[in-house]
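Below you'll find the structure, written out as structure tokens, and then a few comments.
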Amino acid sequence: MKRSLILVAATAAFASTAWADCTYPKAPGKIPDGNTAPREEMLAAKKQVDQYNADINAYLACLKTEHDASIAKGGSTLTEDQKRQMATMYTQKNDAAIDELTAVANRFNEQVRAYKAKNP
């Protein structure tokens, strides 16, 4: 019992320090309505989406770097279960960021198509 409490505490402490320096980027605010937005507003939104894409890519690189560093730092003291838990956390954070980026890009692209249909 005592060993499992120590293991849980060590895992929690180790996991809480992992990815501490990786700041999740804020998604762009409102995407303009392509049916009514002027060209300048659509171009400004494109810049925001492009910046968000770059920020997400930097975040993902940070996650990977910190994950790899955490595994290396833990070395032989980490159990296979701890390594699996860390890999699962890394994968979940990575996938969530990609899913949100994809959703933002899809919403923007939908509005671009609407804009182009109104402004051939």
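A compact table of results
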item: Within region 63-103, tally of residues that are in contact (Cβ under 8 Å) with a residue 12 or more places away in the chain and hydroxyl-bearing (Ser, Thr, Tyr); result: 3
item: Subset of region 66-92 (residues that are surrounded by 11 or more Cβ atoms within 10 Å (Cβ to Cβ), assigned to a helix (DSSP H, G or I) and of a type outside the set (A, V, I, L, M, F, W, C)); result: GLU66, HIS67, ASP68, SER70, LYS73, GLY74, GLN82, LYS83, ARG84, GLN85, TYR90, THR91
item: Residue in region 100-107 that is acidic (Asp, Glu) and surrounded by fewer than 13 Cβ atoms within 10 Å (Cβ to Cβ) present; result: no
item: Residue, modelled with the highest pLDDT, within region 61-120, restricted to residues that are among the aromatic types (Phe, Trp, Tyr) and either over 29 Å from PRO28 (Cα atoms) or under 22 Å from the mean Cα position of the chain (by Cα) (or both); result: PHE108
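The values are calculated or read from the model by the stated rules, or taken from the named source; none is laboratory data. Quick caveat, the model's predicted, so the values are computed rather than measured. Backbone-built Cβ (ideal geometry, glycine too); neighbour counts: all protein chains shown.
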